[in-house]
Each structure stands twice: as structure tokens, then as C-alpha cells.
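*Asks:* Here you go, one structure.
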Amino acid sequence: VRMAPPDSKTTWLGLGAVSAGVGNGIGTAVAGLGTANGLSYAFAFQLQGAVLVLLLVALIVTPRPTLAVKLPKGVSAMELKGAGAEEEIPKKAPAVRLQLCALLRNRLYLWTCIAISLNMFQMSGIQFLWMRVFVEVWGLNKNIATIALLIVTGGGAGLGIACGPAYVDRRGGFSTMPGIVRSLGILWTIVGFAAIGGLLGIASLFGKFNTEDSGTGVTDHWLWLTFVAIFLICAAHNFTVAALCGMNCEVVDQDMRPFGSGVEMTVRNILGYALGPFLPGVAMELSGFTTRSQLLFGLGLVFSANVLSVGVLQLAITSAKTQLVQLQAEAFAELKRMLQTEDIRGLQAAVSKAKRVNLSAREGGEAVMGMANQVIGNYSARRSPSSSPRVPARRPSTVHDLERQLSALQLKLEKSENANMRLLSYIAFRALRDPLPVKVTL
């Protein structure tokens, strides 16, 4: 992600999700269609092992320069970080205990981590129950059920990945905190569609549960409603996953990102991939229903988790806004301090930081930034080679003082026989008319 252009980070993460989705789809097709047509369950694992060995050999024999990630032609590393971005100085990571405490205090990190886990909970739970539900409850042929899985979940995921990352990048991405706040608002809206899909799926399962004579196979309208619900859920969650992963990494300090990423992957695997099959399985076993009812109940439980995603993202938005207010307060105080100390370089850095947190949106922020930009502009104008040479002069406090000093300069200019004195007197005369004194170098 650090090598990605600032306005395309979400798209780069989305491309990683594409590779995972393609692999998942190929694996499902091989295992589902293979077992449906007489192959053993071991065939999919044997084929996977053979392909992995071939890929390992290809990596070993490929020259190292071919695998190196290179900057785009004509683009520097600082340009990739974005204009005004502060240079990150590598630091030694704190102790593990301190890093863990810092992550637990970072509410935005926690809520995005949980949102990612809920996303994976949906995908894992649906895949776990798909074959049994649509083969045993709706009576579909296993080949048809496998193809339907590829079309419904793969089509929904493809639509979400194709639209989501690029749209989030255009609306602000996650490189800055204001961008994170805007992007989270977009993701909250999209997850709302996932919640609608979950409620539609629950209604479809409930309708199937209470209607014994609704038919089986592709003629049952409850089947198609369930497909629509799952398609909507997959599209919405895959729209959000790349942005959520990027935000989760971005809101952690640079020296803690390896540890933070490892914690997020651990939580994702436990609360997402593992809990997706485990929780519905336990609930189905404890329900005491018949096999048909258990399957419908388990899939309905997976659908219901979409409502939780809406609440979790709302909490993430609240945390992001709180962090943004804190960053804006820090930037405001830094600007005031630099204005008082008259440190131009520090003031330029403070203005850059203020722009990154959109300080102008804060009350009083626009006025302070205006003052800082004016000071920087005056300083740049005085240092410009094309500017006229001037000498420092005390600005007259009254009109009488101005007239007296002008008369004295005119008299000195008329009496002076020396060319240098004439030049210096003329410069001083001009300086009185300009309130921006600049040191003259002859």
C-alpha cells in the first residue's frame, strides 16, 4: 500500500481481493463439480498441492529484479506519499505489551477490525451452509448448486470489488483523517444495503419454512429471493472490505503497523472465518429442530449479522470524528505557536499538517490558516530574486512624521554628489512607502 499512489490506495487493495476471489472461485468449482461427478474429496487437495509446488518452483527460478516493486516512471517516493505529507522516520517498535495497549485504546482501529471480521463471517458462513441448504432444502442438483454459488457469490463480489475501491478513492480514500470520515460515511450507507439483503434473506427463509408446497428446485420463488439477498450481501461487503483494511492499517502509527496488521488478521480468522461456520453449527445443534429447519435457522443467523455491521460502522464513524477533532485542535495549537515564534519552516510544516486535517472546517481555523499563509507569502515575496532591494525602515506613525522624513531625504538627495549615496537615499525613500522591510545586500 505504501507504494500505491495516494489517490488509488483502495483500488490497489481491491486488486488483492480480486486474486483471493478468483482462487476461491476456482477452488469451489474444482471441489464442487469434482465431487458431484464422482471424484473423491482428496482430489481438490491433491490438485492444490501440485499447483502450489509449481508456483514455488516458478518463484525460485524467476530473477529477483523481475519481482522487485518499482516506482512508476517519472514519479518519486515523496510524490507517492502525497503533497504535504510528512516524511516518516523509521523507529524501533515499542514492546509488545505497549503496542497491544495502544491498539486497544485506538477505538477506530478496533471498530474497523470488527467490521472486517463481520464481513468475513458472512462470506464464511454462507459458503459453509450453501451446499446443504440448497441441496437438502430446495433439492437442487449438486452441479447446479455449485454453479449457482459461483454466479451469485462470485457475481456479487465482483460487482462490489469493481465499483467500491475506485469510488472510495474518488471520494477521499483513507490517506487523511477527513478522507477516512467521508469514506466511512459511504461504507455505512453501503452496509445498509447489506442489512436490507440480510432482512430479505431472513424473510425468504421464513417464507420457505412456513410454506411446504412452495415447490422445489428452480421453480420456487423463495429460492430466487434468497439468491437476490445473497448477491446483495456479497456485493455490499466486497464494496467495503478493501477500504476497511486500508483504514485499519492507516490509523496505526508506522512503527506499530506490522503488529497491528497481525492482530487484525488473527481477529479476522477467529471472529470471521472460524466463527462463520462454528456459530451457526452450534446454534443449529442446540435448536432441536429438524434437519430442514436447522439449515434454514443457521443461514438466517448468518444473515442477521448484517444488521450488526451497520452499528459497528456507526461506532467507527463516531471514533473517526473524535480523532479528527483532536487532530484539528493539535494543528490549531501548532499554528498559533509557530506564528508566535516566527519560525517560517515550522510554520510551513504546520500549515501542511493543518491542510491534511482540514483545519479550515474548524471554527477559527480558516482565520488562523489565512494569517499563516499571509506570513509565508510575505516571507517568500521578500526572498524572491525578482523583488526590488529594500532597506529596513521604521514605518512612520503619523502623517507629520512621514512628511518630515520625506523632506529630509529629498534634501539629502539634492545635496549628495556621491552616486552610492544617491542610490541608498532613493532606496530608503522607497522603503518608507512600503511596510515590508527587507535587508539589502550590496
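The values are calculated or read from the model by the stated rules, or taken from the named source; none is laboratory data. Since we're looking at a predicted model, the values are computed, not measured. Methodologically, a virtual Cβ is constructed for each residue, glycine included, from the backbone with ideal geometry; neighbour enumeration extends over all protein chains shown. To get the accessible areas, we keep the full protein, side chains included, count just its heavy atoms, and leave off ligands, DNA and RNA. Shrake-Rupley method; radii C 1.70, N 1.55, O 1.52, S 1.80 Å.
*Asks:* Restricting the first residue to region 13-37 and requiring it to be under 26 Å from residue 248 (Cα atoms), which pairs with a second residue that is at pLDDT below 70 and hydrophobic (A, V, I, L, M, F, W, C) meet a Cβ separation below 7 Å and a spacing of at least six or different chains?
*Replies:* 13/1
*Asks:* Residue 249 is checked against (1) modelled with pLDDT under 95; (2) open to solvent by less than 20 Å² (accessible area, probe 1.4 Å) and fails just one. What number does that condition carry?
*Replies:* So residue 249 meets the others, but not (2).
*Asks:* Residue 279 passes all but one of (1) in a helix (DSSP H, G or I); (2) among the aliphatic types (A, V, I, L, M); (3) within 30 Å of residue 320 (Cα to Cα); which number fails?
*Replies:* For residue 279, the exception is condition (3).
*Asks:* Taking only pairs six or more apart or across chains, which ones have beta-carbon atoms under 6 Å, a first residue in region 122-149 that is surrounded by fewer than 17 Cβ atoms within 10 Å (Cβ to Cβ), and a second residue that is outside any helix (DSSP H, G or I)?
*Replies:* 139/216
*Asks:* Quick check: is even one residue across region 265-286 hydroxyl-bearing (Ser, Thr, Tyr), closer than 30 Å to residue 104 by Cβ, open to solvent by 10 Å² or more (accessible area, probe 1.4 Å) and touching a helix residue (DSSP H, G or I) at 6+ places or on another chain (Cβ under 9 Å)?
*Replies:* Among the residues of region 265-286, at least one is hydroxyl-bearing (Ser, Thr, Tyr), closer than 30 Å to residue 104 by Cβ, open to solvent by 10 Å² or more (accessible area, probe 1.4 Å) and touching a helix residue (DSSP H, G or I) at 6+ places or on another chain (Cβ under 9 Å), which makes the answer yes.
*Asks:* Continuing with the same structure: Look at residue 228 and say whether it is out of contact with any Phe, Trp or Tyr (no Cβ under 7 Å at 6 or more places or on another chain), more than 24 Å from residue 327 (Cα to Cα), modelled with pLDDT under 95 and of a type outside the set (Gly, Ala, Ser).
*Replies:* When the stated conditions are applied, residue 228 does not pass them.
*Asks:* Please go through region 164-185 and give me each residue that is among the β-branched types (Val, Ile, Thr), open to solvent by 20 Å² or more (accessible area, probe 1.4 Å) and under 19 Å from residue 312 (Cβ atoms), ordered by number.
*Replies:* 181
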